[in-house]
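K.L.:
Have a look at this one.
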Amino acid sequence: MNPESAGVELAEPHLRGLLASAGLDVAYARAEGNVLYRQDDDGRETPVIDFAGGYGSLILGHNHPEIVARAKELLDGQAPIHAQFSAHPYATRLAAELNRIIHRETGTEEPYYATFANTGAEAIEAAVKHAELDRVLRQTELLAEIEAAAKEAEAAVREGTAAVPDAVHARLGVERPAAGEDPLAPLLAELDRRNALVSSRPPVFLALEGGFHGKLMGSVQLTHNEGYRAPFASLGVHARFVPRGRPDALKEVLEESRASLLQLGVEGGEIRLVERAHPVFGAFLLEPIQGEGGIQPLTPEDARHIQEFADASGCPLVIDEIQSGMGRTGALLSSSQLGLRGDYYALAKSLGGGIAKASVMLVREARYRAQFELVHSSTFAKDAFSCHIGLKVLELLEADNGRAYQQATERGAALEAALERVRAAFPDVVEEVRGRGLMLGFEFRDQSGASNEVIGGAARGGLFGYVIAGHLLNGHAIRTFPTASAVNTLRFEPSVLLGDDEIERLETALTDVCVILREGASDRLVLGG
C-alpha cells in the first residue's frame, strides 16, 4: 500500500499530533508582509497576523517585494548556487558590509573574518569549533615554548652557567640526584608529567543558564534546557552553566578553572620555575536576549561583568545574535547596545530575508586561524543566491539612515506599551512583560494550581503556552508561540511592518485570554478552526 495514498503521516507525526491537540496544526497557503493566510478544506483563505515572525527570521516581513524581486533576478540570471571551491566575490562584499556596520556599532576597527553557513546552529558549531582550534593551537605554541626553554636550561646547566637550587627540587617534590647524575633529568620528567596532566584536561565551555544555542550534536550541549541535552550527553562537549546576575559566580569559575603550565627559566645563574597560564577556556556563549529561555534580556550590569571576566580570563566571547540581531532591537547587533564586544558573532534567521537559508560566523582578527578554512566547510554555504539576498537585507536595513532600525525601536515600544496595559489590567494573571525592540515576552503567572482542570492540567503538562497560542490562532487569527524552555511566556517577534491596528487586535485578544484565565472559563477556549 502506498503510505501517501493511505493518508499516513510520515513527516514528524508525533509533533503533528501535539500541534493538533492545541489547534495549531493549520496549513498556510501564502504569506505577505506581517500576515499568513491559512487555508481551510474548501480552499478558502483566512488572514492571520504573524507575531511569531519565523522565530525572529522575518524582520522585514514575509516575501518583502524588494527581496523577492532580487531573488527572481538572481534565479532568472542563473546565479551559481553550486560553485564551491572557487572565488566568491559576493561573499567578500557581504562580509565587508557586515564589518562596516559592526565597526560603526562597536566603535572598533578590527576586522572580523566570515565563515558562512546555512542555519544558526551551524554558525554556533562553527564558532565553537574555531574557538577550540584556536585554544589547541595556543596550547601547542605554549608547549613548544616550554620545550625550547627546557633545552636552554639544560644547555646552561651543562655549560656550568646555571645551577639548580634545592628550592626547585623541593617545590616539585623531586629528590636531588646524586653527584655525577644529570641534575635536570628528574625535574624535566616531573615537569612533563604535570604539564601533560594540565594540557590533557578538556576545555571549559561556559554558557548562561536559560540559554539556547541550537539542537545539533555540539550546540545542544551548550543549551541549558536539560530535556534537550540529557539524551545526548555522551556525544558532545559539556558546558558549565553560569547564572545571570551573579558576578560572584564568574569569580568562582575563574578561580576554579585557572591552571598553569610549568616552565624552566634561567635567572641570575640559577634555574627557576616559571608559571605560564594555560588556555583552559574554550568559549563563553551568550545571547543578548535569551529567546527560548523566555525572552530574558541581559542587563547592562551582567554584560559588564561578563566582559570583565572575558578580559581577565582570556576566554573568548561567542555572542549568539541569531534571534536578537539583524535589526530586531534597533541595531544590527543587540549586544552593541549593551557595550559587549564579541570575539565571535553568530548571525542567521533574518540574514536570509525570509527566503534564503543563510547564517554567518564572524571571528575577530586577533583570534582568527587560517587553518580553520581547510578543516571546516558547508556544501550550501557562501553561494551567490544567499549572499546576494543577505546584501539586499543589509541594504534595506541601512536605507534612509537606518529607517528600519528606527521602526524596530518605535514599533517595539508601541507593542510593549500594549502588552504592559494588559499586564496592568490583570496583575493576578500576568507576571511580566520583558524584552527590547521587536523581541518581547509576555509571561503568565503559573496556572498549575488553577481550579479549572483544563487550564491547570495544561500547565502541569507543560502545554499551557501552546493551548493559549491555539486559542489566539483559532479565536483571534493571531499567530504566536510560547518560548521553548519557558512555556508560560508567549513570544512576540513580528516584522517592522507591524501596524497599530494589529497591535490593537493583539491587545484585545490577550485581554480575552486573561479574562478566561481569571474566570477559569476553559469552555471559552477555541482550539479548533
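Just so you know, all these numbers are worked out from the coordinates, no wet-lab data involved. If you're wondering where the values come from, they're calculated on a predicted model, not measured in any experiment. Note that each Cβ is placed from the backbone with ideal geometry, even for glycine, and that neighbours are counted across all protein chains shown.
K.L.:
Could you work out how much longer the chain between T108 and S86 gets when fully extended? Use 0.36 nm per residue separation minus the Cα distance between them, nm to one decimal.
P.N.:
Extending this stretch completely gives an extra 4.8 nm.
K.L.:
Percent antiparallel among DSSP beta bridges with both residues in the chain, to the nearest 5?
P.N.:
Once the DSSP bridges in the chain are tallied, antiparallel ones form about 70 percent.
K.L.:
What number comes out for the charge environment of T508, summing +1 per Lys or Arg and -1 per Asp or Glu over other residues with Cβ under 14 Å away? Walk me through the numbers on the way to the answer.
P.N.:
Values: positive: R421, R505; negative: D500, D501, E502, E504, E507, D512.
Its environment carries a net charge of -4.
K.L.:
Please work out how much length the chain gains when fully extended from E431 to A189, using 0.36 nm per residue of separation minus the C-alpha to C-alpha distance, in nm with one decimal. Spell out each step's value before the answer.
P.N.:
Numbers: separation 242, 0.36 × 242 = 87.12 nm, distance 6.15 nm.
That works out to 81.0 nm of additional length.
K.L.:
P(r) for the range 89-382: what percent of alpha-carbon pairs falls in each 10 Å bin, starting at zero?
P.N.:
Here the calculated profile for the range 89-382 is 6, 25, 28, 18, 12, 8, 2, 0.
K.L.:
Summing +1 for each Lys or Arg and -1 for each Asp or Glu, what net charge is found among the other residues whose Cβ lies under 14 Å from the Cβ of V242?
P.N.:
That sum, taken over residues with Cβ under 14 Å, equals -4.
K.L.:
Order of 502-511, 99-108 by packing, highest average Cβ count within 10 Å first?
P.N.:
On the way: 502-511: 18.8, 99-108: 15.8.
The packing order, highest mean first, is 502-511, 99-108.
K.L.:
Once the Cα gyration tensor of the chain is found, what semi-axes does its equivalent ellipsoid get, as square roots of 5 times the eigenvalues, in whole Å, sorted largest first?
P.N.:
Working: eigenvalues 534, 149, 90 Å².
Gyration-tensor ellipsoid for the chain: 52, 27, 21 Å.
K.L.:
Set the Förster distance to 41 Å, then compute FRET efficiency between A366 and L10 from the Cβ-Cβ distance, nearest 0.05.
P.N.:
0.25
K.L.:
If you look for lysine pairs in the range 89-382 that are eight or more places apart or on different chains, how many of them have Cα atoms under 28 Å apart?
P.N.:
11
K.L.:
For H376 and R30 in the same chain, what is the full-extension length gain: residue separation times 0.36 nm, less their Cα-Cα distance, in nm?
P.N.:
Contour length minus the Cα-Cα distance gives 120.9 nm.
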